[in-house]
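Input: a single structure, listed below in structure tokens.
The values are calculated or read from the model by the stated rules, or taken from the named source; none is laboratory data. None of the values given here were measured: they were computed from a predicted structure. Quick reminder, even Gly has a Cβ in these numbers, built from the backbone with ideal geometry, and neighbours come from all protein chains shown. Keep in mind that these areas ignore ligands, DNA and RNA; they rest on the heavy atoms of the full protein, side chains included. Shrake-Rupley method; radii C 1.70, N 1.55, O 1.52, S 1.80 Å.
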Amino acid sequence: MKKALLIVAGIIAGIILFFFVKLNQFYRDIYTPKQGNGHVQPAKASYNLLFLGYGGEGHDGPYLTDTIMVVNVDLKNNKVTQISIPRDTWLKLETASGENFHTKVNSLYEIYLFPKDFPDVKNPKKVIFDGIKQITGLSIDNYVSVDFAGFTSMVDTLGGVDIEVQYAFDDPEYPLEGHEKDLCGKQESDLPELEKIATQSPKLAFPCRYEDLHFDAGIQHMDGTLALKFVRSRRSPQDGGDFARARRQQLFLEAVKEKVLSIGILTKIIPLLDELKIHVKTDAPFELTRKFTTEIT
């Protein structure tokens, strides 16, 4: 019996060791140190984290962020507060030349990633932090970004999520992935006229680029593909626009939190790490993540 217990204990210890090795490997792949400071402040009791969701390779504007959310984590009071920022919010950026440069907030991550494409922008590696502070007045400690493929894989690996849809709604103009450039049977010579029509009704000009979405009110079980449509939809007559979409994105995060707390996360997270390492990026140090895990969950 004693020998059997030792074997079991050894197996458990091996699984735990394997988990932490995988977690450290994953973090090395996704982590980019923040300029000037890569360390957690030990006495800090509240953190502002920026969450960004973007299309990724294969999408129009692959690094423009559809989701922009500041999450305040209050470790002292064990409280999390979410603030969503509409992606079409305009702001002014500092330039080296002194010339005026205005852009939408959803372009900040692209500037951060590809500073050489924006040579006149001052401090491009601080642009996402300075831009969000300009809008909210909040200092951002760290960011986490995920592309659509990573979002879908995460939800599917968790076995889907249960989201309470507050209002039944339709979206007749949800963009079909991979069809963004389709001419829908028309000719190149028709494009000037079609683009005029598209300014009034994109679907009327290019019907094959869109699908009709419908969500019933109440608790809905969603896989990754459906959850992505739920959080991205913004052209619904009943529940459209950036503010409605921001509310749905917050509902999604709540659903993910509940799912993570309700399942055996160890068996789910190991395959998830391998899948997500090419889709997730962050400048949050590993010790900060560990701090949140022990004090918030």
On the formula 1/(1 + (r/R0)^6), with r taken between the Cβ atoms of S46 and E254 and R0 of 22 Å, the FRET efficiency rounded to 0.05 is 0.65
Taking a label point 7 Å from the Cα of D60 along Cα-to-Cβ, the residues of the stretch 238-262 whose backbone nitrogen sits under 18 Å from it are 241-242
Surpassing 24 Å at the alpha-carbon level, of the pairs K79/K104; K104/K229; K257/K281, are K79/K104
Rounded to whole Å², per residue accessible area for the stretch 149-286 with a 1.4 Å probe reads 52 Å²
Distance in nm between D212 and T81 label points, each 7 Å along Cα→Cβ, equals 4.3 nm
Looking only at aspartates and glutamates whose Cα falls under 17 Å of K125's and that sit 8 or more positions away or on another chain, we get E94, E110, D117, D141, D283
